[in-house]
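**Student:** Structure in structure tokens, see below.
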Amino acid sequence: MTESSNQGSEHIIRRFQPEQIDEALAYFNEHGYCVFSKAFDLALGDAFWADVEHQIAHNEQLSYSLYGKIYQGPNTPPDGKKLPRIIDIESHSELARQLILISPIAKFLHALYGYPATCMQTLTYKFSSEQRAHSDKVLVSPPYVGPYDRDTLAASWLALEASSEANGALIIYPGSHKLSKRSLFDGFGDSYE
């Protein structure tokens, strides 16, 4: 995870153990994110990725996002399977269903919102998406969900390997959750930057 700060000072990442939900909530409220260390067993992550590889090789029902378009089955260009960005893998993988709301994430979101969380979309990457900084609050809009309270949207990122700027880590801007967000209709044109 890479952090940027527009204040010019170095931001210190605090990592929480799965049982530190209250401390993680306080940190989240100030910084807009939290990191749980050891949130899941690495063997589960390895088994999940082996299942993803199997699904890519054998499941024609997988949906892929490639350059802003969605493909499925034999209509998927070769790059779609080489650099997969799989949409909703949990519809095809029991291990994905175990991971998406793994205990610390589920407990944290329940404490944050006061009711159990649900998953409305997953994106599974083998390599960095190379997507620039953005707010999921305005971008995440699966057509099958319909209107929803975007203030209840939370994203979780489960890194299955060590990450750094060199290999495409998630970029965060501490405190940016307190800034107002532009709508997709606010003159972005074809660029959401």
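**Student:** Assuming Ala39 fulfils every condition listed in (1) aliphatic (A, V, I, L, M); (2) in a loop (DSSP other than H, G, I, E, B); (3) open to solvent by 30 Å² or more (accessible area, probe 1.4 Å) apart from one, which condition is it?
**Tutor:** All conditions are met except number (3).
**Student:** Within the group Ala106, Ala166, Ala96, Ala133, which residue is of a type outside the set (Ser, Thr, Tyr), part of a helix (DSSP H, G or I) and over 21 Å from Gly45 (Cα atoms)?
**Tutor:** After applying the criteria, what remains is Ala166.
**Student:** So in region 21-34, with the set limited to residues that are touching a residue at least 12 places away in the same chain (Cβ under 8 Å) and not aromatic (Phe, Trp, Tyr), which one is nearest to Leu112 (Cα to Cα)?
**Tutor:** Keep residues of region 21-34 that are touching a residue at least 12 places away in the same chain (Cβ under 8 Å), which gives 21-22, 24-25, 27-28, 30-34.
Restricting the remaining residues to those that are not aromatic (Phe, Trp, Tyr) gives 21-22, 24-25, 30-32, 34.
On the way: Ile21: 9, Asp22: 9, Ala24: 10, Leu25: 7, Glu30: 13, His31: 14, Gly32: 12, Cys34: 12 Å.
Of everything passing the filter in region 21-34, Leu25 is nearest to Leu112 (Cα to Cα).
**Student:** Looking at region 44-93 only, could you name the residues that are under 22 Å from Gln131 (Cβ atoms), assigned to a helix (DSSP H, G or I) and open to solvent by 80 Å² or more (accessible area, probe 1.4 Å)?
**Tutor:** Once the filter is applied, which keeps residues that are under 22 Å from Gln131 (Cβ atoms), assigned to a helix (DSSP H, G or I) and open to solvent by 80 Å² or more (accessible area, probe 1.4 Å), region 44-93 yields Pro78, Lys82.
**Student:** Quick one: in region 5-27, which of the residues that are modelled with pLDDT under 95 and among the hydrophobic types (A, V, I, L, M, F, W, C) is surrounded by the fewest Cβ atoms within 10 Å (Cβ to Cβ)?
**Tutor:** Ile12
**Student:** Hey, any hits in region 35-49 for a residue that's under 30 Å from Leu179 (Cα atoms) and aliphatic (A, V, I, L, M)?
**Tutor:** Checking region 35-49: at least one residue is under 30 Å from Leu179 (Cα atoms) and aliphatic (A, V, I, L, M).
**Student:** Scan region 46-60 and report the pairs whose first residue is modelled with pLDDT of 95 or more and whose second residue is small (Gly, Ala, Ser), with Cβ atoms within less than 6 Å and a gap of 6+ or a chain change.
**Tutor:** Asp51/Ser93
**Student:** In region 169-181, which residue that is open to solvent by 80 Å² or more (accessible area, probe 1.4 Å), closer than 16 Å to His11 by Cβ and assigned to a loop (DSSP other than H, G, I, E, B) is modelled with the lowest pLDDT?
**Tutor:** Residue satisfying both the conditions and the ranking: Leu179.
**Student:** Look through region 129-156, keep the residues that are of a type in the set (D, E, K, R) and out of contact with any Asp or Glu (no Cβ under 7 Å at 6 or more places or on another chain), and return whichever of them is least open to solvent (accessible area, probe 1.4 Å). Break it down stepwise before answering.
**Tutor:** So the first thing to find is which residues in region 129-156 are of a type in the set (D, E, K, R), and the list is 130, 132, 136-137, 149-151.
From what's left, out of contact with any Asp or Glu (no Cβ under 7 Å at 6 or more places or on another chain): 130, 136-137, 149-151.
Details: Glu130: 159, Asp136: 53, Lys137: 72, Asp149: 89, Arg150: 77, Asp151: 104 Å².
Of everything passing the filter in region 129-156, Asp136 is least open to solvent (accessible area, probe 1.4 Å).
**Student:** Could I ask something else about it? Determine which member of the set Lys107, Lys126 is modelled with pLDDT under 80 and either open to solvent by 80 Å² or more (accessible area, probe 1.4 Å) or within 20 Å of Pro18 (Cβ to Cβ) (or both). Outline the logic, then answer.
**Tutor:** Values: Lys107 fails: modelled with pLDDT under 80.
Going through Lys107, Lys126 in turn, just one is modelled with pLDDT under 80 and either open to solvent by 80 Å² or more (accessible area, probe 1.4 Å) or within 20 Å of Pro18 (Cβ to Cβ) (or both): Lys126.
Residue by residue, here is whether (1) within 21 Å of the chain's Cα centre (by Cα); (2) of a type in the set (Gly, Ala, Ser); (3) farther than 18 Å from Ala96 by Cα holds:
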position	(1), (2), (3)
Asp46	yes, no, no
Glu53	yes, no, no
Lys69	yes, no, yes
Pro78	no, no, yes
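The values are calculated or read from the model by the stated rules, or taken from the named source; none is laboratory data. In this text the structure is predicted, and so the values were computed from the model without any measurement. Positions of Cβ are generated from backbone atoms using ideal geometry, with glycine treated the same way; all protein chains shown enter the neighbour counts. Ligands, DNA and RNA are stripped out before the accessible areas are found, and what is left, the full protein with its side chains, is counted by its heavy atoms. Shrake-Rupley method; radii C 1.70, N 1.55, O 1.52, S 1.80 Å.
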